[in-house]
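Have a look at the structure below, then the notes.
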Amino acid sequence: MASDLVIVYHRQPYEEVEEDGKIVFKENKSPNGIVPTLKSFFGRVDKGAWVAWKHADDPSDPGFERVVEIEDSYGKYSVSRLPLTEDQVSSFYHVTSKEAFWPILHSFKEKYNYDPVDWPTFREVNWAFAEAAAAEAADKAVVWVHDYNLWLVPKYLRQLRPDVRISFFHHTPFPSADMFNVLPWRREIMESLLSCNVVGFHIPRYAANFVGVAESLFDVQTGAREEVDPDFIKEYVALSERRYARHVSYDGRKVQVLASPVGVDVDYIESRAQSEETIERAREIRADLDAKLILSVGRTDYTKGGTDQLLSFERVLEEYPDLRGKIRLMHVSVSANRNMTVYADIQNDIEQIVGRINGRFGTLEWTPVTLMSRAIPFDDLVAYYRAADVAWITPLADGMNLVAKEFAACRSDNRGALVLSEFAGASVEMGSAIVANPFSHRSMDRAIVQALKMPEDEQEDRMRNMRETIKKYDIRAWAEDQMKGFTGEEGPL
C-alpha cells in the first residue's frame, strides 16, 4: 500500500539493537525530541513511510532488508532503508555536509573546506533518497524532506513524481546571500529547494535570508513582505526580523516560505520534572553542591561556543573573587564526532581550559567546573534542570536550541535564570531570558553575573513569561503549522 505521507530524514526512526543474537527495533528511549515528533504525524494519515540510510558493507547483498514494517506506539508504518557504505556515509555526511555545508550555514566561512568534497557522491546519495521516496508515495502524497544533507532530494523527486507535494524543513540557520553564495553548488541547491511547494525554517530571519538568496541567483518573483507576529519581534535580539516575503515564484511554481519554530513537548517534560523521583534527585544534587549551580548543555562543536563560555567563567572568577567557592559550573559538552579533527581539537581545548580553571581556582573542598563529555539520560538531565540556579546557553550560532526551552519547561516552580545567546533561534521567542552576545566578553561576563545575583521575584517574572511562550509555541503548535503547509494554508509568522 502506497503512503499518504513520506518522511525523508537521514536517521532511522528507532534504535536498532541486538538481543540474544537477533536484531530488534526499539522505540527511542525518550518521547521528547525531533524523531518521535515526526513519527507522531503518522497518526494523521492512513499510511505513512519513512526513508533513511543504514550502513551496509555490501549494498548489493541480497540479504539486506531494504524495507521493514514497524508497529509501535505511533502506529504502523514502513521504513525504506538505503544501504550506504562507510565511504559513502563519510563523503555524503561527514565531509560534504559537515565540512562544507555546516560552517556556511552557521556563518563560519573560515571553517569551510571545499577541497575534499565529492559532489558526485552527494548527488548519488540524494538521488537514492528521492527514488525511495518516489517509490513509497501514493498519488498526490506529501513528501516531507528534512535538513541540508538532503538538499538535492526535492529536485530529483520532482522529476520522478511531479504529482506529489514536497515540503522541506531546515533545522539549521539559513545564512544571507553573501555567505550562502560561497558554495560553488549554490544554484543547483537553490533550484532544488525551489522545486518544493513549501520550504520551512524556524524563524523569520532564516526565511528572509532564503528569499534573498533566491533573488540573488534567479529571476524570481516574491510576494509582499508581510508583518511578523509581534511575539517574534525582540528589538534587542540580533535575529529579529520585522517582515519577510511569504512566497517565491520560480519556473511556474509558487513556493510557500514558512517560518515556524520547533517547540518542545512541554506537558511531557513537566510531568517528568514534577515526578517524585525527579524532585528527590534534584534535592540530592542541591545537597551535594553547597553552591549555586550553573548548567551548560551542548555538543562539542565550534558553533556552540563552549570554549568562549569557559573563558567567560574564568574571567568572572578572576574579577569577582567573592564568587569563588560559591558557584559551580556543570559543563556538558557531548562529542559530536571524534573522528573529525575539528571536533577533536575543540574537545582538547575544552579539556585544557577546564583543567586550567580548576587548577587556578579550585581547592580541596571546591571544584569550579565539572566537565561531562557523554550524553546524560533525559530523566537525569531533567533533574539537573530542576536543580540548577542558572542555565547558561550561549551558542555562537544555533538554528533554534531546544535545551533553553527544556529548561523553562522543567521550571514549574518559576525559579531559575536563563542566559541565552541572541544568536540562537530561540532568543526571538524567549525574550525574558538574559540575552547575551557571545562575541562580546563584557556581554557574556555581565550576563552570567546578573543571572547569579538575580532576585527571586525577578526570576519568577522572567520564567513565567518564558513558560507562557513555550507553552503557546510548543511541539503541537509546530505540528499544526506544518500540516497547514502540507495543505497549502498560510503559516503563522
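Could you list, in sequence order, all residues of the stretch 68-98 that are farther than 24 Å from residue 38 by Cα and touching a Phe, Trp or Tyr at 6+ places or on another chain (Cβ under 8 Å)?
91, 96
Take residue 77 and tell me if it is touching a helix residue (DSSP H, G or I) at 6+ places or on another chain (Cβ under 7 Å), of a type in the set (Ser, Thr, Tyr), open to solvent by 20 Å² or more (accessible area, probe 1.4 Å) and at pLDDT below 95.
no
Among 379, 445, which is the only one that is in a helix (DSSP H, G or I) and modelled with pLDDT under 95?
So the residue among 379, 445 that is in a helix (DSSP H, G or I) and modelled with pLDDT under 95 is 379.
Since residue 326 meets every condition but one in (1) over 24 Å from the mean Cα position of the chain (by Cα); (2) exposed (fewer than 15 other Cβ atoms within 10 Å of the Cβ); (3) under 30 Å from residue 98 (Cβ atoms), which condition does it not meet?
Going through the list (1) over 24 Å from the mean Cα position of the chain (by Cα); (2) exposed (fewer than 15 other Cβ atoms within 10 Å of the Cβ); (3) under 30 Å from residue 98 (Cβ atoms), residue 326 breaks only (3).
Pick from 199, 213, 237: which is aliphatic (A, V, I, L, M) and part of a strand (DSSP E or B)?
That would be 199, the only listed residue that is aliphatic (A, V, I, L, M) and part of a strand (DSSP E or B).
Of the residues that sit in the stretch 80-112 and are of a type in the set (Phe, Trp, Tyr) and part of a loop (DSSP other than H, G, I, E, B), which one is modelled with the lowest pLDDT?
Here the residue is 112.
Restrict the check to the stretch 353-363 and report whether at least one residue is open to solvent by less than 20 Å² (accessible area, probe 1.4 Å) and assigned to a strand (DSSP E or B).
Checked the stretch 353-363: no residue is open to solvent by less than 20 Å² (accessible area, probe 1.4 Å) and assigned to a strand (DSSP E or B).
Can you give me the number of residues within the stretch 128-140 that are out of contact with any Asp or Glu (no Cβ under 7 Å at 6 or more places or on another chain) and open to solvent by less than 80 Å² (accessible area, probe 1.4 Å)?
Result for the stretch 128-140: 8.
Output the number of residues of the stretch 401-431 satisfying the condition of being touching a strand residue (DSSP E or B) at 6+ places or on another chain (Cβ under 8 Å) and either polar (S, T, N, Q) or open to solvent by 10 Å² or more (accessible area, probe 1.4 Å) (or both).
Selection size over the stretch 401-431: 6.
When you check residue 215 against the structure, is it out of contact with any Pro (no Cβ under 9 Å at 6 or more places or on another chain) and open to solvent by 10 Å² or more (accessible area, probe 1.4 Å), yes or no?
Criteria met by residue 215.
The values are calculated or read from the model by the stated rules, or taken from the named source; none is laboratory data. Remember, it's a predicted structure, so these values are computed and weren't measured experimentally. Virtual Cβ from ideal backbone geometry, glycine too; neighbours counted across all protein chains shown. The area values use the complete protein model at the heavy-atom level, side chains included, leaving out ligands, DNA and RNA. Shrake-Rupley method; radii C 1.70, N 1.55, O 1.52, S 1.80 Å.
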